[in-house]
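Step one of this worksheet: look at the structure below.
No lab work stands behind these numbers, since they all come straight from the coordinates. Fair warning: this is a prediction, and the values are worked out from it, not measured in the lab.
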Amino acid sequence: MVNIFQLIINFLKKIFLKNEDEVIVNTNDPDIITDIDNQEDNQQENNDEPKPEITDNNIKPTETNIDMDNYNGNIIILDNGHAKSTPGKCSPLFEDGTRFYEYEFSRDIVKRIASKLEELGIKYYIIVPEIEEDIALSKRANRANKICEQFGANKCMLISVHANAAGMGDKWMSARGWSVWTTRGVTKSDAIATMFYEEAEKILPKYNMTLRKDTTDGDPDYESNFTIIYKALCPAILTENLFQDNKTDVQFLMSDAGRNAIAEIHVNAIKRFCGLK
């Protein structure tokens, strides 16, 4: 009985503690499954200014042009978080009236990753080419799983690209840092998440960016049963690429150098997963 109570206490501490050693999670984030409520966030949009436009030409086709008849490598499944219609998911306004939007950022990062994978000859799928419509998390997982069923889950890896948040996007917060997530317990994804963390650790400090980790189970990833990675048949990780409501983090994420660095982290880790130098 004592062990059960301790587990509950540890679980609550992991979610709600907001110090420098614990990642700060927006509990209204629709990606989070809780025992109480797994419904998507109904929070209203907190601003009315127009969002940046992304044309269909900015998004890579769902599948690469690599000849599958002669391909026997790994399959990378890319999930860009949220959509233009998703409430919130943005930074506070800057003095010049601009704002960071997670849907635009995640799609741009996935586009940069996909471009590099094309050069490397690594097969990939972008499972959410939609821009306006926020595809349900279970539907995203189902799309990924169809790819796993076609090529074999052991050959596939799913990466869901996001930016973290400590608040509701209405004011700048102090929490910052990059982190990577897997599902709870020991899984094949843990070793992959460590690759991503190690690559981030090589790159981000060069730009005075920080990392966050949870080493309570011996590795640096945080663990939560986010729907997209929890329901995936293949190894799956979710990256929280700094905080969209920390001014220093956002300025970096809105720069071309910052976005190239974030994409490089992902590509370098993917190369390791695929056994490339």
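Before moving on, here are some points about what is shown:
- Relative contact order (percent, whole number), region 74-273, Cα cutoff 8 Å, 6+ residue spacing: 29
- When the pairs K111/K206; K139/K171; K89/K213; K123/K188 are compared against a 27 Å limit on Cα-Cα distance, K139/K171 fall above it.
- The mean of 1/r over all pairs of different alpha-carbon atoms in region 74-273, once inverted, gives a Kirkwood hydrodynamic radius of 16.8 Å.
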